1. Residue under question is Leu210, and the condition is that it be in contact with a helix residue (DSSP H, G or I) (Cβ under 8 Å, 6 or more places away or on another chain), part of a loop (DSSP other than H, G, I, E, B), over 20 Å from Leu43 (Cβ atoms) and of a type in the set (A, V, I, L, M); does it hold?
2. Can you tell me which residue among Phe102, Phe158 is aromatic (Phe, Trp, Tyr) and within 18 Å of the chain's Cα centre (by Cα)?
3. For segment 22-38, give me each residue that is closer than 23 Å to Thr9 by Cα, touching a residue at least 60 places away in the same chain (Cβ under 8 Å) and exposed (fewer than 15 other Cβ atoms within 10 Å of the Cβ).
4. Can you name every residue in segment 50-80 that is of a type outside the set (D, E, K, R) and surrounded by fewer than 16 Cβ atoms within 10 Å (Cβ to Cβ)?
5. So which pairs qualify, if the first residue must be in segment 147-158 and without any contact (Cβ under 8 Å) to a residue 40 or more places away in the chain, the second must be outside any helix (DSSP H, G or I) and exposed (fewer than 15 other Cβ atoms within 10 Å of the Cβ), the Cβ gap must be under 9 Å, and the two must be at least 6 apart or on different chains?
Amino acid sequence: MNEQAHYTTATTTLEFRRNLAVVQDRIAGAAIRVGRSPGDVRLLPVSKTVESSRLRLAIEAGCTDLGENKVQEALRKSVELADVPEVRWHVIGHLQSNKAKFVAKFAHEFQALDRLSLARTLNNRLEVADRTLQVMVQINTSGEDSKFGLPPQEAEAFIQELPAFERLHITGLMTLAINSPDESRVRACFQSLHKLRRQLSENAPSGVELTELSMGMSGDFELAVEEGATVVRVGQAIFGPRALPDSYYWPVGDKMR
């Protein structure tokens, strides 16, 4: 589900406002189709590969929450835009444990927790920084080896361990759907996460909230909204086509567990 050919690169505040309005209208339409309130869906603009000078224009247009896949890129931008205190940074990509110290310093939210060793490292780093962090657990709903995240059948045992990490505020689940032109296969990933959230909520331990479902990107966020997404991560439909392929952000191979 790739509509990249239809995306236009925003280079002015007005163009960013127009792109945001289009995306918000599409979110609203998808929500209304299934009897949901558009206000129940949070739009997270994903700014990976976008230079800080253009981000300033996007921020003026209303993008005060920004999602980044690579922590070093996000950290650099947080320094470059340190004079804009209203910006909140969301790390949405796989995180190596040796980079957890950076996330603990500047991130408002981390959406890709997938192993206890990382939870422990993040918690320790947050204690040193005297901060807390909103966190989502990443689930691999597509079953693809190229994607990170816990297998759905391992999620319950994982969730039960998380209250031990008091600096992590667990808010929900995140997934990447299969990259396929077959809408039924994409929709099935979103349905799987929604069902899993419902099952996990029945026995969620004290201190763990599972209110958020982060799912859907530029090519499939309307399907995600129809299937219960509370957060959609949209990059190209707001900022324009990326120069780098998806494999740069979701590499196949060693997952460095």
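Bear in mind these aren't lab numbers, they're just calculated from the coordinates by the rules spelled out. All values derive from a computational prediction rather than experimental measurement. Every residue, glycine among them, receives a Cβ derived from its backbone with ideal geometry; neighbour counts consider all protein chains shown.
1. Numbers: in contact with a helix residue (DSSP H, G or I) (Cβ under 8 Å, 6 or more places away or on another chain): yes; part of a loop (DSSP other than H, G, I, E, B): yes; over 20 Å from Leu43 (Cβ atoms): yes; of a type in the set (A, V, I, L, M): yes.
For Leu210, the condition - in contact with a helix residue (DSSP H, G or I) (Cβ under 8 Å, 6 or more places away or on another chain), part of a loop (DSSP other than H, G, I, E, B), over 20 Å from Leu43 (Cβ atoms) and of a type in the set (A, V, I, L, M) - is met.
2. Numbers: Phe158 fails: within 18 Å of the chain's Cα centre (by Cα).
Answer to the selection: Phe102.
3. Val22
4. Step one: filter segment 50-80 for residues of a type outside the set (D, E, K, R), giving 50, 52-53, 55, 57-59, 61-64, 66-67, 69, 71-72, 74-75, 78-79.
Hits for segment 50-80 are Ser52, Ser53, Gly62, Thr64, Gln72, Val79.
5. If the second residue must be outside any helix (DSSP H, G or I) and exposed (fewer than 15 other Cβ atoms within 10 Å of the Cβ), the pairs left are Pro151/Gly143.
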